[in-house]
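Asker: There's a structure below that I have some questions on.
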Amino acid sequence: MAATDNHTQAVHDGDGMDLDDLLPQIGEFGRYQKLLLWLVCLPACVPCGFCAFNQLFMADTPDHWCWVDDLADLPTHTRQRLAIPAEIDFNSTFNKCSRYAVNWTELLVHQDPEELTPNSSWPTEPCYQGWEYNTTLISSSIVIDFDLVCNHAIYPTIGLAALNTGGPVGVYVFGLLSDRIGRRFSFFICLATMLLGSFLTALARDFWSWAAFRLVVGLTIPAIYQIPFIIALELVGPNYRSFVTVMTCLFYTLGMVLLSGVTYLVRDWVLLAWVTSAPFLLYFVYWWYLPESPRWLLAKGRLEEGYKILETLAKVNNKEMPSSFKLKLKQRMMLQRTRSELSRLKKGPGVSALCRTPNMRLKTTLITLNWFANETVYVGLSYYGPSLGSDQYLSFLLSALVEIPSYLACWVIMDRWGRRWPLCIAMILSGVSCIVTVLLPDDAVETTLILYLFSKFAISASFLIIYPFAGELYPTQLRGIGIGASAYISGLGLILIPFITYLGMEMLVLPLVIMGVVSVLGGLSGLRLPETLHHRLPQTVEEGEEFGKDWTCAECLRCVPERPSSVIGSYEDLCEKDAFEMHPHSTKDTRTAPQESTSLERAVQKPQNRSSKLVRQSSTMETPLDSSGVMQMTYWF
C-alpha cells in the first residue's frame with residue numbers, strides 16, 4: 001500500500017506542471033503573443049478569404065447575345081436590334097441563346113439597316129457563331145473567354161463545386177501533416193499549394209483545366225488559416241483563446257472586405273487571379289518568424305526545441321522561466337510516453353459509439369443536421385451576395401461587413417445567454433428573412449438586399465457558435481471523432497450549394513427561399529439539444545449518454561440557462577482528463593499540496609479585471625486538447 005502511495009505521489013510530482021500552468025507565469029498574452037498574433041497569425045488568415053471567393057468574380061457572367069458575322073460592320077445596338085429576338089417586346093431584354101435565321105446579305109442589299117424592322121415570325125437558330133458580350137462592367141471573365149453561356153451556363157457552377165470538393169480532402173491531408181511534421185512546415189506546404197493552384201488558374205486556357213486548378217486551390221481552404229490559428233491558440237493562455245478565435249474570424253472577414261475592393265478595381269479574370277494570389281508570396285518571409293508550436297514539440301518529445309521557444313517567449317514578455325520547469329517537463333514527458341504506450345493497448349471508442357446509444361445517437365444526428373444547415377446557408381449566402389442589388393461589388397462588400405458586428409455580438413451573448421437559444425434564434429431569423437423575400441415584387445431590389453444582409457448577419461453569428469457548442473455536447477472520449485464526423489457530413493453542403501445558387505438564374509429569390517427553409521429546419525433541430533453553459537461537460541461515453549437525457553419541454557422554453565450550484569469552468573471541463581491526471585488526489589488532498597502548486601493555482605485562478613473581461617474570458621470557443629496536451633488538427637474534420 002505504501003509503495004502504491006509513493007508511486008502516486010511521484011506521478012503527481014512529475015506531472016505537476018504543463019504549458020497551461022506555465023503560461024500565467026511567463027505571459028498568457030504578452031508582447032511575444034501579441035506580436036505573433038497581429039503580425040503573423042492573423043494576417044495569415046486573409047488569403048483564405050481571397051481564394052475562397054475570388055472565383056465568384058472570375059466567373060462573372062455579363063449580358064450577352066448571339067454574334068452574327070454578316071452584321072459585323074454594323075454598330076452593336078443595330079446588330080442586336082436586327083438579329084436578336086426580343087424576349088417581350090422590342091424595347092425589352094433580348095434573347096441570349098438564339099438569333100434570327102435569315103439571309104442578311106440578301107436583306108441588306110435592298111434596305112438600309114437602320115430602316116429595316118425585324119419580323120418576330122422569322123425562324124430562329126442557336127448561336128453557332130458564338131456570342132457577343134457587354135464588356136462595359138468587366139473586360140474579361142472565364143465566361144467570356146470560354147463561352148460558358150446557354151448550354152454551358154452551368155459550367156461555372158461546376159467549377160465552384162470543384163473548389164469546394166477539395167476542402168474536406170485538404171483539411172484532412174494538411175491536418176494529418178500538421179499533426180505529424182508540425183504546424184510550421186505544414187503551413188508553408190499549404191501556402192505553396194495554394195499559390196501553385198492560383199498561378200496555374202491564371203494560366204488555364206480551357207474550362208476543365210481551370211476547374212482542375214481550382215480544385216488544387218480548394219485543397220487549401222480552409223486549412224490555410226486553420227494552421228496559423230492553431231499555432232496562435234497553442235501559444236496563448238486559456239483565458240485568451242476565445243479572443244483569438246473571434247479575431248481569426250474577423251481577419252477572415254477582412255480578406256473578404258479587401259477582395260471586394262480588389263475586384264472592383266480589377267475587371268480581368270486573369271489579372272484578378274494574379275493579384276489575389278501573388279502578394280502572398282511575401283508570406284514566405286514568415287519562415288524566419290513563425291515558430292513551431294511548443295505544445296506540438298513537447299508532445300513529440302522534442303523537449304530542447306520546445307523549451308528554447310518558451311524561453312524566448314518568456315524573455316520577450318520580460319518574464320523568467322521557473323527554474324524547476326525543465327525538470328518537471330522531462331518527468332511529464334516520460335509519464336506521457338508511458339500513458340501513450342498503455343493507450344495503444346487499450347483501444348478507445350470509435351465512430352460507432354456516436355450512434356450506439358439512443359441519446360448519443362439523437363444528439364449526433366441533431367448536431368450534424370444543425371451544422372450541415374449552418375455551413376450550407378452561411379457559404380450559400382456568401383456566394384449569392386453579388387447576385388443581389390444593382391452593384392455586385394457593393395453587395396459583396398456589405399455581405400462581408402455585416403459579419404463583423406455579428407461576431408462581436410455573438411461573442412458577448414453566447415457566454416451570457418448560452419449556446420442553444422442564440423444559435424437557434426439566429427438560424428431561424430436568418431431563415432425567415434430569406435423566405436419572406438418570395439413575397440416581395442420583382443422590382444423590390446433594395447428591400448431584398450436588406451433582408452439578405454440581415455439573414456447574413458444572423459447566420460454569421462450562429463456560425464461562430466456551432467463549433468464550440470458541438471465540442472461541448474460531445475464527451476471528451478468522442479469529441480474529436482464527433483466533430484470530425486459532423487463536419488465532414490456538413491461539408492457535403494458546400495458541394496451542393498453552388499447548384500442551389502444556380503437556380504437563381506431562373507428566379508432570383510429561389511435560392512434564398514431554399515436556404516431559408518434549410519436554416520429554419522436547422523435552427524428548430526437545435527432546440528432539442530441540451531444547454532451546455534454553466535454545466536459540467538461529459539468526459540466519458542457513458543456521461544455523454546446521460547448528458548441531456550432527462551430533457552423536457554420546459555428546458556427547451558428556458559431562454560436563460562440555469563446556473564447549477566456547482567459549476568466547473570468550460571476550459572477545465574474540456575481538459576478535465578488532464579486536470580485529473582495532474583492532480584489525482586481529491587479536493588482535500590489538493591488543498592494540502594505543496595506550496596509551489598498552490599501558488600501556481602492561485603496565479604491561474606486570479607480574478608479577472610472587468611475592463612478586459614471579454615478578452616480574458618475562458619470559453620470553450622477553443623480547440624480541445626488531447627491527452628498529450630496538443631491540439632489535434634485532425635480532430636476538426
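Asker: Among the residues of segment 157-204, which ones are in contact with a Leu (Cβ under 8 Å, 6 or more places away or on another chain) and of a type in the set (K, R)?
Answerer: Selection gives R184 alone.
Asker: List, please: which pairs have Cβ atoms under 9 Å, are six or more places apart or on different chains, and start with a residue in segment 356-373 that is without any contact (Cβ under 8 Å) to a residue 24 or more places away in the chain and end with one that is surrounded by fewer than 16 Cβ atoms within 10 Å (Cβ to Cβ) and assigned to a helix (DSSP H, G or I)?
Answerer: Pairs that qualify, where the first residue is without any contact (Cβ under 8 Å) to a residue 24 or more places away in the chain and the partner is surrounded by fewer than 16 Cβ atoms within 10 Å (Cβ to Cβ) and assigned to a helix (DSSP H, G or I), are R361/C355; T365/C355.
Asker: Out of the residues in segment 113-133 that are in a loop (DSSP other than H, G, I, E, B) and aromatic (F, W, Y), which is farthest from I144 (Cα to Cα)?
Answerer: W122
Asker: Let me ask you something else. Check whether at least one residue in segment 211-223 is in contact with a Lys or Arg (Cβ under 9 Å, 6 or more places away or on another chain), at pLDDT below 95, under 21 Å from A273 (Cβ atoms) and assigned to a helix (DSSP H, G or I), and report yes or no.
Answerer: No: segment 211-223 contains no residue that is in contact with a Lys or Arg (Cβ under 9 Å, 6 or more places away or on another chain), at pLDDT below 95, under 21 Å from A273 (Cβ atoms) and assigned to a helix (DSSP H, G or I).
Asker: Something else now. Would you check which residues across segment 34-75 are of a type in the set (G, A, S) and closer than 27 Å to H152 by Cβ and list them?
Answerer: If the condition is that a residue be of a type in the set (G, A, S) and closer than 27 Å to H152 by Cβ, then A52, A59, A72 are the ones that fit.
Asker: What number of residues within segment 139-163 are in a helix (DSSP H, G or I) and either of a type outside the set (S, T, Y) or under 22 Å from the mean Cα position of the chain (by Cα) (or both)?
Answerer: 16
Asker: Can you confirm whether segment 349-371 contains a residue that is at pLDDT 85 or above and of a type in the set (F, W, Y)?
Answerer: Yes: one or more hits.
Asker: Something else: Within segment 513-534, take every residue that is closer than 17 Å to L439 by Cβ and of a type outside the set (G, A, S) and give me the one that is surrounded by the fewest Cβ atoms within 10 Å (Cβ to Cβ).
Answerer: Residue satisfying both the conditions and the ranking: V517.
Asker: Related question: What number of residues within segment 540-552 satisfy the criterion of being surrounded by 19 or more Cβ atoms within 10 Å (Cβ to Cβ) and either in contact with a His (Cβ under 7 Å, 6 or more places away or on another chain) or modelled with pLDDT under 80 (or both)?
Answerer: Within segment 540-552, residues that are surrounded by 19 or more Cβ atoms within 10 Å (Cβ to Cβ) and either in contact with a His (Cβ under 7 Å, 6 or more places away or on another chain) or modelled with pLDDT under 80 (or both) number 1.
Asker: Residues being part of a helix (DSSP H, G or I) and surrounded by fewer than 21 Cβ atoms within 10 Å (Cβ to Cβ): count how many of those fall in segment 427-447.
Answerer: Looking only at that region, the number is 9.
Asker: Just name the residue that is farthest from R419 (Cα to Cα) out of those in segment 466-482 that are of a type in the set (V, I, T) and buried (at least 24 other Cβ atoms within 10 Å of the Cβ).
Answerer: Going through the qualifying residues, I end up with T476.
Asker: Could you check how many residues of segment 312-332 are small (G, A, S) and within 19 Å of S293 (Cα to Cα)?
Answerer: Looking only at that region, the number is 1.
Asker: Just need a number here: residues in segment 174-201 that are among the aliphatic types (A, V, I, L, M), surrounded by fewer than 20 Cβ atoms within 10 Å (Cβ to Cβ) and touching a helix residue (DSSP H, G or I) at 6+ places or on another chain (Cβ under 8 Å).
Answerer: Of the residues in that region, 4 qualify.
Asker: Hey, another quick one. With T245, T220 as the choices, which residue is of a type in the set (V, I, T) and touching a helix residue (DSSP H, G or I) at 6+ places or on another chain (Cβ under 6 Å)?
Answerer: Testing whether each residue is of a type in the set (V, I, T) and touching a helix residue (DSSP H, G or I) at 6+ places or on another chain (Cβ under 6 Å) leaves just T220.
Yes/no per residue for (1) out of contact with any Phe, Trp or Tyr (no Cβ under 6 Å at 6 or more places or on another chain); (2) surrounded by 19 or more Cβ atoms within 10 Å (Cβ to Cβ); (3) within 22 Å of I404 (Cβ to Cβ):
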{"residue": "F213", "(1), (2), (3)": "yes, yes, no"}
{"residue": "G218", "(1), (2), (3)": "yes, yes, no"}
{"residue": "L258", "(1), (2), (3)": "yes, no, yes"}
{"residue": "T263", "(1), (2), (3)": "no, yes, yes"}
{"residue": "D268", "(1), (2), (3)": "yes, no, no"}
{"residue": "L282", "(1), (2), (3)": "yes, no, no"}
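Asker: State which residue pairs qualify: first residue more than 19 Å from Q55 (Cα to Cα) and modelled with pLDDT of 95 or more and inside segment 240-269, second residue assigned to a helix (DSSP H, G or I) and acidic (D, E) in any location, beta carbons under 8 Å apart, and separation of 6 or more residues or different chains.
Answerer: none
Asker: Is it the case that segment 71-90 has a residue that's at pLDDT below 85, of a type in the set (G, A, S) and outside any loop (DSSP other than H, G, I, E, B)?
Answerer: Yes: segment 71-90 contains one or more residues that are at pLDDT below 85, of a type in the set (G, A, S) and outside any loop (DSSP other than H, G, I, E, B).
Asker: Quick one: L494 ticks every box in (1) free of Cβ contacts under 8 Å to residues at least 24 places away in the same chain; (2) under 19 Å from the mean Cα position of the chain (by Cα) except a single one, so which number is it?
Answerer: So the condition that L494 fails would be (1).
Asker: Give V262, V217, V257, V246 a once-over and let me know the one that is of a type outside the set (G, A, S), closer than 13 Å to L163 by Cβ and in contact with a Leu (Cβ under 9 Å, 6 or more places away or on another chain).
Answerer: After applying the criteria, what remains is V217.
Asker: Related question: Evaluate segment 286-300: report whether one residue or more is more than 32 Å from the chain's Cα centre (by Cα), of a type in the set (D, E, K, R) and at pLDDT 85 or above.
Answerer: There is no residue in segment 286-300 that is more than 32 Å from the chain's Cα centre (by Cα), of a type in the set (D, E, K, R) and at pLDDT 85 or above.
Asker: Given the criteria assigned to a helix (DSSP H, G or I) and among the hydrophobic types (A, V, I, L, M, F, W, C), does V102 qualify?
Answerer: Against the criterion (assigned to a helix (DSSP H, G or I) and among the hydrophobic types (A, V, I, L, M, F, W, C)), V102 does not qualify.
The values are calculated or read from the model by the stated rules, or taken from the named source; none is laboratory data. In this text, all values refer to a predicted model and were calculated from it rather than measured experimentally. Cβ atoms come from the backbone with ideal geometry, glycine included; neighbour counts cover every protein chain shown.
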